[in-house]
């Protein structure tokens with residue numbers, strides 16, 4: 001058992017959520033700025049709000065992590081650099097990253113910023129962890145699909161890496177970062193923070209309509225004791241799009257569980273858990289972390305907030321119903337019951353009139369549930385939190401030390417030397433005629449004047465006073481008006497220096513960016529002109545018998561590999577827990593030495609695997625569907641072997657304008673995937689027929705589901721389910 005408590009990490013979709021996360025006991029919050037956040041529908045933070053939150057975090061000894069966990073297009077790099085410049089100056093505790101290009105920029109220009117790899121990077125095996133370590137990543141946010149045993153093994157083996165695990169909140173049907181459904185169906189990419197949640201919608205199969213792809217919500221509860229015992233570094237709550245009440249009550253629950261691991265009071269736990277459910281709750285699951293054959297991942301009921309059960313209907317009348325409950329029901333609460341046995345058609349009741357005695361609560365409403373029906377409480381008025389006035393919170397100020405020196409000139413003067421990032425900045429102020437008056441409180445008075453200036457990023461603290469004159473320093477005097485003027489001028493100069501420094505650094509970086517082109521590979525796909533023409537259509541390199549884009553490692557896949565003239569194409573699957581998969585590929589390379597083989601890179605783990613293939617002269621690589629090449633710096637990442645990686649496919653959700661710019665401003669062969677290409681919309685860890693259709697055996701033929709006028713096929717293999725649009 002590990003004695004050290006893990007970090008409790010909470011979502012902060014707004015300033016109010018962040019404030020209440022800290023109040024409830026969160027050790028850290030993660031948040032997004034206005035741009036580059038994977039949750040654009042959250043309120044997110046502007047610069048001023050982040051400055052205020054930084055002050056709160058410092059006062060409470062808490063942390064802030066900023067999420068820049070989206071795919072970034074080349075045209076956005078200048079705005080990204082401005083954001084990174086501010087983050088660097090603010091000294092946040094870490095930045096959460098998805099894009100390989102952003103990771104490369106951070107390494108090159110902002111090496112002091114600590115980097116966490118987002119769950120969007122889908123780092124799920126040892127190859128991926130080892131490559132992340134090489135790239136300077138300090139922490140990995142693990143996929144929700146990993147079991148607790150795998151987490152424990154990673155913690156034991158990689159002591160230099162921190163691991164963060166989701167313990168509560170929404171589950172995506174697809175692996176995070178590998179979902180293309182919203183982007184390709186709606187033009188709103190989840191990899192850009194714009195997910196429209198097609199997985200929560202209803203689909204029809206064989207005449208039955210249900211939310212087949214809607215997952216239950218993760219709720220590990222008391223089981224987090226197992227994560228604590230194996231030494232998990234950070235326990236993460238999902239929910240930046242949810243309200244402050246959700247954040248506050250969920251943090252309170254897990255704060256209690258962490259602080260009382262092994263000695264949980266059942267009554268306290270049940271109250272905290274029910275409060276969590278009152279603010280937001282779908283059907284719950286312990287997820288993949290603690291999965292067994294009885295674990296349910298997919299919801300069979302209503303896929304939205306349904307709250308917590310509070311009782312069963314005991315009596316009904318024409319305009320009311322009554323039920324027994326231990327929960328307090330108040331005016332403006334929201335109750336809910338279902339209109340059908342499947343419990344997927346809800347009816348919500350805003351409580352406007354009620355009677356309550358020792359036995360029953362009676363609710364008056366238009367639609368009456370049946371006797372014996374379960375009643376849920378989906379909103380609790382008494383859990384509402386008071387609003388937070390941002391203006392009431394002071395902004396963070398970066399403390400800098402300063403020394404004062406009294407100077408002997410033709411006229412006496414005062415010099416203030418400020419020290420910022422190991423640089424000295426000096427400012428002189430002439431003394432007035434009333435200088436020579438006894439004043440033993442000079443240091444306190446000038447410090448008071450410096451402390452009074454509010455609208456500035458810096459706070460100057462006087463650490464010493466020197467006297468280079470023949471006059472005793474106790475007799476130097478400056479009026480309060482003079483000191484206030486000195487303080488105002490000093491801060492104006494410091495702000496000017498700060499702005500000029502930022503502008504200079506940004507200009508230098510942008511000059512580099514504007515003149516940068518990804519290094520030209522030693523060899524490119526154009527050295528194989530017939531192949532260059534062939535691979536322009538991504539569908540040409542699918543596994544032919546299934547029209548599937550990845551090599552799954554099955555026996556039939558080898559015979560289905562696309563061969564063009566003497567060239568084989570193997571697109572490696574983005575998720576792979578089994579090392580035998582890589583052994584099969586290497587064996588195939590050995591056994592086909594007379595053929596040239598092109599391997600598609602779809603995950604960070606592949607970058608580590610291909611290092612062992614350098615000895616084979618017949619193998620080359622390309623950046624494939626899930627590498628999300630959207631900017632020049634993804635192509636320049638130092639992990640990409642210039643002598644072996646011959647081409648890349650452009651990010652499939654990206655726009656044509658960005659593609660043309662990239663194509664014309666890089667030395668790297670780049671191809672846009674055809675618009676009619678049927679890419680996997682979901683890549684799910686599980687079997688659709690067993691989880692969603694409740695069939696005992698998986699299907700060998702495709703399953704067709706419809707949503708409105710659109711038809712989709714579900715393909716199952718190797719423990720995965722994929723959804724494809726039928727064109």
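The values are calculated or read from the model by the stated rules, or taken from the named source; none is laboratory data. These numbers were taken from a predicted model, which means no experiment stands behind them. Note that each Cβ is placed from the backbone with ideal geometry, even for glycine, and that neighbours are counted across all protein chains shown.
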Evaluate the following for residue 582: is it farther than 30 Å from residue 106 by Cα, under 34 Å from the mean Cα position of the chain (by Cα) and surrounded by 14 or more Cβ atoms within 10 Å (Cβ to Cβ)?
yes
Go through (1) under 30 Å from residue 624 (Cβ atoms); (2) surrounded by 15 or more Cβ atoms within 10 Å (Cβ to Cβ); (3) touching a strand residue (DSSP E or B) at 6+ places or on another chain (Cβ under 7 Å) and name the single condition residue 523 misses.
(2)
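Can you pull out every residue in region 15-42 that is modelled with pLDDT under 95 and in contact with a strand residue (DSSP E or B) (Cβ under 9 Å, 6 or more places away or on another chain)?
32, 33, 34, 35, 36, 37, 38, 39, 40, 42
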Helices (runs of 4 or more DSSP H) within region 592-664 that include 2 or more residues without any contact (Cβ under 8 Å) to a residue 60 or more places away in the chain, buried (at least 22 other Cβ atoms within 10 Å of the Cβ) and in contact with a strand residue (DSSP E or B) (Cβ under 8 Å, 6 or more places away or on another chain):
none
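For residue 511, are the conditions met, namely being outside any loop (DSSP other than H, G, I, E, B), under 30 Å from residue 79 (Cβ atoms) and either in contact with a strand residue (DSSP E or B) (Cβ under 8 Å, 6 or more places away or on another chain) or modelled with pLDDT of 90 or more (or both)?
Here the answer is yes, as residue 511 does meet what is asked.
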Take the residues in region 133-146 that are in contact with a strand residue (DSSP E or B) (Cβ under 6 Å, 6 or more places away or on another chain) and touching a residue at least 60 places away in the same chain (Cβ under 8 Å), then tell me which one is surrounded by the fewest Cβ atoms within 10 Å (Cβ to Cβ).
139
Residue 130 vs. criteria touching a strand residue (DSSP E or B) at 6+ places or on another chain (Cβ under 8 Å), farther than 28 Å from residue 713 by Cα and not in a loop (DSSP other than H, G, I, E, B):
no
Checking the structure you have, find out if any residue of region 147-158 is crowded, with 20+ Cβ neighbours inside 10 Å, in contact (Cβ under 8 Å) with a residue 24 or more places away in the chain and outside any helix (DSSP H, G or I).
no
Here the residues within region 367-382 that are surrounded by 19 or more Cβ atoms within 10 Å (Cβ to Cβ) and either in contact with a helix residue (DSSP H, G or I) (Cβ under 8 Å, 6 or more places away or on another chain) or outside any loop (DSSP other than H, G, I, E, B) (or both) are 375, 376, 377, 378, 379, 380
Among helices (runs of 4 or more DSSP H) entirely within region 203-309, at least 1 residues that are farther than 27 Å from residue 328 by Cα and in the same structural domain as residue 65 (by the TED database) occur in 224-229, 244-259
Looking at region 246-263, can you tell me whether even one residue there is crowded, with 17+ Cβ neighbours inside 10 Å, modelled with pLDDT of 95 or more, in contact with a strand residue (DSSP E or B) (Cβ under 6 Å, 6 or more places away or on another chain) and over 24 Å from residue 147 (Cα atoms)?
yes
